[in-house]
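> Below: one structure in structure tokens.
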Amino acid sequence: MKKKILLLGSGELGKEFVIAAQRLGQYVIAADSYDGAPAMQVAHEKEVIDMLDGSALDKIVDKHKPDLIVPEIEAIRTERFYEYEKQGYQVVPSAKAANFTMNRKSIRDLAAKDLGLKTAKYLYASSLEELKEATKSIGIPCVIKPLMSSSGKGQSVIKTESDIEPAWIASQTKGRTGASEIIVEEFISFESEITLLTVTQKSGRTLFCPPIGHRQERGDYQESWQPAEISESQLKSAQDMAEKVTKELGGAGIWGVEFFLTKDDVYFSELSPRPHDTGMVTLAGTQSFNEFELHVRAVLGLPIPEILLVRRGASAVILAQTEGQIPNIQGIDKATEMPESDLRIFGKPITKKYRRMGVTLTYSNKDESISMLRKRAVLIASKITVD
């Protein structure tokens, strides 16, 4: 059952997906907007294209005629996916999922209005004046995000009225696809955030990975750990919401469903129809299958009978400190002195300040607490410099 897979987006998550796919004998073509992207380094073939160019996308689909089209990022001309499905291509997890989740407006309205999931209050704005009106209605503090963005790009927290204009400018200049409408969200005073990795199968029940806790800065993940602390009732609420929204979007694969946890409530936050950056903690062997292995098995239609928690783990990111080419990475020898730990260097050819260049992993089968595992992961990351 060897399949030809076209991977659209070739970052670090795509690289681990390619490795997992090749271990099951699959053939992968990795595409991205720049040469030498991480997944290209391990794929059978590569394509360098602007994935926001629909005609360029059509050409590589027609050239390779893949069995599976697997998006790894949001910044793709996803409306083309509907046509690909009509032509008989399998889009992962589905054309509807890729289109709805690329645009925060679509997924938020689906979750809050159509499915009745609990979310933060929200409004939309297409101009600075509309943003000012929205902040009056939602209240300050509030969070603004471009509708078409991910990993914190263009995201801001408005704490005072003086933050409104800079936040608007950031949303229009730092999003994935440039200027766009924005979402203005109520600021939820949450106690923690979790990612609930959810696996939908072609034939078989929906499965949930043990919840993953995470910490963000600048809208991007810095640490994650598994399992996260959560009550049974909150976990059940999160699982019910995750199952509802993934069932509505359709298709098979892994989904990163994010939630805010307050003392008493669970709020749906966001959804990614692919392996999630916070889920890199599963590379520490925390589960019977890591998130990339689960994604490959699900999209190939292979049965996944269960997902077991094997041990506790934590991850911390390795960030670049400067901008340039040909990264200089130092300190790996010091980092690998630590017991019960591992790391991944992604192999990105270009550095930018705060760009994620690698991740450290810690784990324990003993009585070591999540707090200690987190501290060790951060300590290991501090020993590695990228400039």
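The values are calculated or read from the model by the stated rules, or taken from the named source; none is laboratory data. Please read these numbers as outputs of a predicted model, since none were measured by experiment. No Cβ is skipped: glycine too gets one built from the backbone with ideal geometry, and neighbour counts run over all protein chains shown. These accessible areas exclude ligands, DNA and RNA; they are computed on the full protein's heavy atoms, side chains included. Shrake-Rupley method; radii C 1.70, N 1.55, O 1.52, S 1.80 Å.
> Scan the range 309-329 and give yes if some residue there is under 30 Å from Gly204 (Cβ atoms), part of a helix (DSSP H, G or I) and in the same structural domain as Ser369 (by the TED database), otherwise no.
no
> Has the range 257-279 got any residue that is open to solvent by 10 Å² or more (accessible area, probe 1.4 Å), under 23 Å from Asp109 (Cα atoms), of a type in the set (S, T, N, Q) and assigned to a loop (DSSP other than H, G, I, E, B)?
Checked against the condition, which is being open to solvent by 10 Å² or more (accessible area, probe 1.4 Å), under 23 Å from Asp109 (Cα atoms), of a type in the set (S, T, N, Q) and assigned to a loop (DSSP other than H, G, I, E, B), the range 257-279 yields at least one hit.
> Let me ask another. Check Val199 against each of (1) open to solvent by 20 Å² or more (accessible area, probe 1.4 Å); (2) touching a Lys or Arg at 6+ places or on another chain (Cβ under 9 Å); (3) farther than 26 Å from Gln155 by Cβ and name the one condition it does not meet.
It fails just one condition, (1).
Yes/no per residue for (1) β-branched (Val, Ile, Thr); (2) within 18 Å of the chain's Cα centre (by Cα); (3) crowded, with 22+ Cβ neighbours inside 10 Å; (4) outside any helix (DSSP H, G or I):
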position	(1), (2), (3), (4)
Ala56	no, no, no, no
Ala75	no, yes, no, yes
Asp109	no, no, no, no
Ala112	no, no, no, no
Ala120	no, no, no, yes
Leu123	no, no, no, yes
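> Please go through the range 288-305 and pick out each residue that is open to solvent by 10 Å² or more (accessible area, probe 1.4 Å) and either in contact with a Cys (Cβ under 6 Å, 6 or more places away or on another chain) or in a helix (DSSP H, G or I) (or both).
Glu293, Arg297, Leu300
> Note down all Cβ pairs under 9 Å where the first residue falls in the range 222-235 and is without any contact (Cβ under 8 Å) to a residue 60 or more places away in the chain and in a helix (DSSP H, G or I), the second is surrounded by fewer than 20 Cβ atoms within 10 Å (Cβ to Cβ) and charged (D, E, K, R), and they're at least six residues apart or on different chains.
Listed by first residue and then by second, the contacts come to Gln234/Asp264; Gln234/Asp265.
> Between residues in the range 355-376 that are under 30 Å from Gln325 (Cβ atoms) and residues that are at pLDDT 95 or above and among the polar types (S, T, N, Q), which pairs lie under 8 Å by C-beta distance while being six or more apart or on different chains?
Val359/Ser315; Thr360/Ser315; Thr360/Ser341; Leu361/Ser315; Leu361/Ser341
> May I pose another question? Restricting attention to the range 353-387, report how many residues are open to solvent by less than 50 Å² (accessible area, probe 1.4 Å), assigned to a helix (DSSP H, G or I) and of a type in the set (Lys, Arg).
1
> Can you name the residue in the range 311-344 that is of a type in the set (Val, Ile, Thr) and buried (at least 17 other Cβ atoms within 10 Å of the Cβ) and, of all such residues, is farthest from Leu361 (Cα to Cα)?
Ile318
> Another question, then. Please find, among Ile254, Ile318, the residue that is under 22 Å from Met102 (Cα atoms) and of a type in the set (A, V, I, L, M, F, W, C). Write out each step before concluding.
Numbers: Ile318 fails: under 22 Å from Met102 (Cα atoms).
Just a single option satisfies the conditions, and that option is Ile254.
> Going through the range 181-195 one residue at a time, which ones are assigned to a strand (DSSP E or B) and in contact with a Cys (Cβ under 8 Å, 6 or more places away or on another chain)?
Filtering the range 181-195 down to residues assigned to a strand (DSSP E or B) leaves 182-186, 192-195.
Those that are assigned to a strand (DSSP E or B) and in contact with a Cys (Cβ under 8 Å, 6 or more places away or on another chain): Val184, Glu185, Glu186.
> Same structure, new question: Determine the pairs where a residue that is within 16 Å of Ser180 (Cα to Cα), located within the range 127-138, has a partner that is exposed (fewer than 14 other Cβ atoms within 10 Å of the Cβ) and among the β-branched types (Val, Ile, Thr) with Cβ atoms under 6 Å apart, the partner being 6 or more residues away or on another chain.
Taking only residues 6 or more apart or on different chains, not a single pair turns up.
> Return yes when Leu343 is closer than 30 Å to Gly250 by Cβ, over 18 Å from the mean Cα position of the chain (by Cα) and not in a helix (DSSP H, G or I) and no when it is not.
no
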